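The values are calculated or read from the model by the stated rules, or taken from the named source; none is laboratory data. Just so it is clear, the structure is predicted and the values come from calculations on it, not from any experiment. Quick reminder, even Gly has a Cβ in these numbers, built from the backbone with ideal geometry, and neighbours come from all protein chains shown. Please note that ligands, DNA and RNA were not included when accessible areas were found on the heavy atoms of the full protein model with its side chains. Shrake-Rupley method; radii C 1.70, N 1.55, O 1.52, S 1.80 Å.
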Amino acid sequence: MTEAVVAQPETELVTLTVDDRTVSVAPGTYVVDAAKRAGIDIPVFCYHPKMEPVGMCRMCLVEVGRPAVDRASGQPILEADGKPQIQFAPKLDTGCTVVVSEGMVIRGYTDKVKEARDEVLEFLLTSHPLDCPICDKGGECPLQNLTMNFGPGKTRYIYDEKIRLDKHVPLGDLIFLDRERCIQCARCTRFQSEVVDDPVIGFSERGRELEIVTFSDPGFDSYWSGNTTDICPVGALTTADFRFGARPWELKPVASICTHCPVNCNTTLNTRREAAAGGKQVVKRVMPRQNEWVNEIWLCDKGRFAYQYTEAANRITQPMLRKDNKLVPATWDEALVAVNAKVKTAGGKMVTLAGGRLTNEDYFNIKKLSDAAKGQSLLHSGIAGGDMVASVGLGQGSNLTDLGSGSAILVIASDLEEEAPLWWLRVKQAAERGATLIVANPRRTKLDPHAARVLRYNYGEEAALVHAMLDSFSPKRPDQPESVKRLLRDDALKAAAQEISGAENLVVFYGSEGTDLATSHSLASACANLLIATGHTGRPNNGLVAVWDKGNAQGAWDAGLRPSESLATQMEDAAVLYIVGADPAGDDPQLAAAVDGAQFVVVQELALTKTALAADVVLPAQAFTEREGSYTSGERRVQRFYPAVPALDGTRPDFAITAHIANALGLKLEDKLPPKIFAQIAAGDEAYRGLDYGKLSEVVEQWPIIGRADVYYGGTTYDNSQGLGVQLSSASERGQSPVLSFESPKETEPAKDGLLAVPVTRLYDRGNTVVPSKLLTDRLEAPQVVLHPEDAEKLGLEMGKPAKITLNGQQATVTTHIDNSLPKGTALIPRSLGLPINGPVELKVTA
């Protein structure tokens with residue numbers, strides 16, 4: 001008999017035997033999971049380790065034996081050799097619903113069990129089409145694999161009596177359903193209702209007529225729909241981008257990172273050489289890669305489907321120079337000579353503006369160049385506080401999965417599902433485990449139903465609310481503004497403050513809903529104060545998290561780049577304006593005018609954006625799919641990604657382009673190997689000290705055990721063999737005592753004439769990395785204004801009707817939306833939809 005020693009949390013373990021192998025697991029573990037920990041696979045269809053069991057498919061039937069107990073004495077009955085006598089149940093049990101008990105004995109491969117599995121598979125195949133050669137799931141299909149391993153090999157069912165159902169049913173524009181292939185395991189419907197609280201699909205009819213239907217309009221209207229195709233154990237659910245596109249065994253998997261938001265989900269890019277692309281290697285699909293500290297095994301649909309911008313037809317593949325007021329193709333030498341000549345003579349008036357898609361290595365070289373030119377290195381972002389996150393951010397060893405009873409989470413000024421979906425999911429699950437979730441927002445969000453307390457404030461009072469919390473359990477400051485004093489009279493706020501103060505762990509997420517840079521800084525400072533005052537810094541599962549508007553904004557802050565409140569003025573005054581991975585002209589007409597006002601503009605970009613079209617020199621950069629690098633997430637976890645496809649001819653990585661420009665100043669920067677640049681980062685930044693690409697590539701065993709060899713258990717998510725990343729230490733962990741800040745909260749002035757427009761974030765915006773995704777076209781938000789019903793009535797506007805707005809001097813026609821949870825007198829304007837809004841501003845609306 002072999003004994004499996006399994007690492008478990010510090011608790012009294014339960015020891016049992018599975019097919020002659022002894023294993024010790026935590027109380028409450030199901031037999032299927034205990035067997036998995038012991039290295040024994042019990043086949044399943046309906047069971048998934050991330051969901052509650054239902055015992056529907058019966059594929060996991062096993063023999064369960066328990067120690068026999070003398071009813072009179074209550075003592076175990078022993079055999080002659082002194083071992084407990086094992087009493088097996090007369091019938092088989094479902095291994096996914098039976099909880100382990102001390103001394104239990106499981107038999108998973110006896111003749112009785114094998115016969116039952118034969119029958120289950122034979123029954124499933126009676127209504128299943130035998131179309132494996134043309135099925136998209138072929139090669140990674142649990143039903144196919146388990147039929148080969150456990151099936152009878154023949155059927156008694158009459159082929160002509162097989163049921164015929166619709167085969168190409170669009171549940172929505174992203175997911176297709178083949179009703180003949182569905183085995184009614186309910187994994188997809190349970191995932192949508194139990195895991196992501198989005199029950200937009202379900203079962204209809206009964207018996208052999210049972211089928212999956214969508215309840216939403218548009219169909220399958222969820223940010224999480226792609227995950228159902230990963231966990232579907234057959235070929236019933238397929239994604240619109242991959243169906244009939246390739247066979248799984250043709251694909252090359254490459255580890256990567258999602259760059260759309262600060263979660264930095266781990267992904268696998270599946271690539272293959274494509275005839276339709278002229279024989280080039282292309283990305284065929286994006287799959288989740290397991291990282292239980294980041295995204296677990298899930299992806300949002302934006303991360304899954306919005307990758308086509310890397311292969312878009314408008315990619316730049318040759319430098320361009322402005323001649324006779326037109327951009328014309330040029331060689332790299334010609335372009336760099338022109339740029340270098342201007343950089344040499346900039347005389348300290350070089351302004352660098354970097355976007356949030358760049359890597360840590362790119363930011364390092366950009367900052368070195370800017371410092372050498374005695375210029376300014378700016379970050380194109382609307383959120384402040386990265387320095388405070390570095391000081392009191394999450395401690396090393398943090399994992400949102402560890403938060404439960406005794407922990408508290410504050411989410412303020414953030415519609416978390418729209419801004420960072422995986423954080424929304426993990427925070428929701430922490431609340432379900434018993435964590436005290438406090439949501440503070442002027443309006444209703446999807447996180448509200450899961451919160452223990454919901455706090456309301458007026459837009460512009462974000463920092464005031466946190467100051468009121470501080471004043472509720474600390475000496476009152478007489479100079480606090482009236483908003484703080486008013487909020488302090490709220491009993492719910494005082495109760496929330498006490499729960500935060502008494503919590504064992506506290507994590508604070510702050511976003512950018514309704515804020516500009518000044519109020520964002522004030523909010524970040526207040527949140528840092530809250531953590532310091534309550535003693536929730538410098539240890540795991542405690543700290544500050546910024547819900548950044550860019551994927552690697554924290555990495556940019558760590559490199560020394562900063563956003564600016566006077567960005568337009570600084571850009572306009574620049575002798576050389578060097579813009580890397582940002583499109584300010586496309587975001588804001590005021591910034592477009594600033595670009596036009598700069599003396600010489602260099603744009604380093606993937607595609608011909610509005611900013612690139614206004615440049616004097618355009619330099620073609622490589623996409624993240626074509627190169628390697630590292631990112632730092634909002635939780636300050638540094639992770640690396642790998643090149644998936646060959647770089648387009650004529651393009652260069654951003655760090656290399658910057659290094660070539662630096663030659664003009666006699667500055668030697670690394671232009672070939674990102675690991676060498678990362679070594680310089682580690683040498684110069686105390687938080688990164690001791691790190692290298694090797695450490696970022698290290699992995700440990702994760703639970704649940706996900707692998708491509710047993711796709712029936714966890715789905716087709718990829719296991720992680722290329723790196724889990726490393727979480728950075730905060731300054732407070734390194735012994736640098738954080739200091740309370742006593743600055744008064746900055747507040748937004750109310751609108752004098754009209755409505756107060758405030759910016760919010762939508763997941764499906766119209767940014768340059770999203771619009772090229774044809775799959776998401778119908779889901780992209782239209783330019784809109786969101787009003788309170790009474791404000792809409794006064795203006796003569798109705799839901800869905802057009803409205804004319806005047807915003808920052810610009811006029812536009814938008815669609816009217818109504819939200820009765822909004823404070824009266826305010827209007828929501830989503831960012832990145834073509835409307836110029838960077839903070840609260842007065843708005844005029846007419847029908």
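Is there a residue in the range 663-673 that is within 30 Å of the chain's Cα centre (by Cα), within 24 Å of Ala255 (Cα to Cα) and open to solvent by less than 50 Å² (accessible area, probe 1.4 Å)?
No, because not a single residue in the range 663-673 is within 30 Å of the chain's Cα centre (by Cα), within 24 Å of Ala255 (Cα to Cα) and open to solvent by less than 50 Å² (accessible area, probe 1.4 Å).
Is it the case that the range 286-308 has a residue that's at pLDDT below 95, of a type in the set (Lys, Arg) and not in a loop (DSSP other than H, G, I, E, B)?
No, the conditions are met nowhere in the range 286-308.
Have a look at Asn295, Asn264, Asn325 and point out the one that is open to solvent by less than 10 Å² (accessible area, probe 1.4 Å) and on the phi > 0 side of the Ramachandran plot.
Being open to solvent by less than 10 Å² (accessible area, probe 1.4 Å) and on the phi > 0 side of the Ramachandran plot holds for just one of Asn295, Asn264, Asn325, which is Asn264.
For the range 610-620, how many residues meet the condition of being surrounded by fewer than 23 Cβ atoms within 10 Å (Cβ to Cβ), in contact with a helix residue (DSSP H, G or I) (Cβ under 6 Å, 6 or more places away or on another chain) and of a type outside the set (Lys, Arg)?
Going through the range 610-620 one residue at a time, the tally reaches 1.
Can you name every residue in the range 685-705 that is open to solvent by 10 Å² or more (accessible area, probe 1.4 Å) and in contact with a Pro (Cβ under 9 Å, 6 or more places away or on another chain)?
Scanning the range 685-705 gives Asp692, Tyr693, Gly694, Trp703, Ile705.
For the range 207-239, give me the residue count where each residue is surrounded by fewer than 23 Cβ atoms within 10 Å (Cβ to Cβ), in contact with a strand residue (DSSP E or B) (Cβ under 7 Å, 6 or more places away or on another chain) and assigned to a loop (DSSP other than H, G, I, E, B).
Matching residues across the range 207-239 total 3.
Just for the range 810-847: of the residues that are free of Cβ contacts under 8 Å to residues at least 40 places away in the same chain and closer than 28 Å to Ala592 by Cα, which one is most open to solvent (accessible area, probe 1.4 Å)?
Across the range 810-847, the extreme among qualifying residues is Gln811.
Can you pull out every residue in the range 360-394 that is within 21 Å of Gln727 (Cβ to Cβ), among the charged types (D, E, K, R) and surrounded by fewer than 24 Cβ atoms within 10 Å (Cβ to Cβ)?
The answer is Asp387, and nothing else.
List every residue pair whose Cβ atoms lie under 8 Å apart, where the two residues are 6 or more positions apart in sequence or sit on different chains, the first residue falls within the range 744-763 and is at positive phi, and the second residue, located anywhere, is open to solvent by less than 50 Å² (accessible area, probe 1.4 Å) and not β-branched (Val, Ile, Thr).
If the second residue must be open to solvent by less than 50 Å² (accessible area, probe 1.4 Å) and not β-branched (Val, Ile, Thr), the pairs left are Gly754/Leu843.
Those residues that are open to solvent by 10 Å² or more (accessible area, probe 1.4 Å), more than 24 Å from Gly825 (Cβ to Cβ) and touching a residue at least 60 places away in the same chain (Cβ under 8 Å), I need them from the range 404-418; list them, please.
Matches in the range 404-418: Gly406, Glu417.
Based on what the data block shows, is Ser193 modelled with pLDDT under 95, polar (S, T, N, Q) and surrounded by fewer than 17 Cβ atoms within 10 Å (Cβ to Cβ)?
Spelling it out, it is not the case that Ser193 is modelled with pLDDT under 95, polar (S, T, N, Q) and surrounded by fewer than 17 Cβ atoms within 10 Å (Cβ to Cβ).
Looking at (1) part of a helix (DSSP H, G or I); (2) surrounded by fewer than 24 Cβ atoms within 10 Å (Cβ to Cβ), can you tell me which one Ala463 breaks?
With (1) part of a helix (DSSP H, G or I); (2) surrounded by fewer than 24 Cβ atoms within 10 Å (Cβ to Cβ) applied to Ala463, the lone miss is (2).
Counting just the residues of the range 486-498 that are of a type in the set (D, E, K, R), surrounded by fewer than 16 Cβ atoms within 10 Å (Cβ to Cβ) and assigned to a helix (DSSP H, G or I), which one comes out nearest to the chain's Cα centre (by Cα)?
Asp491
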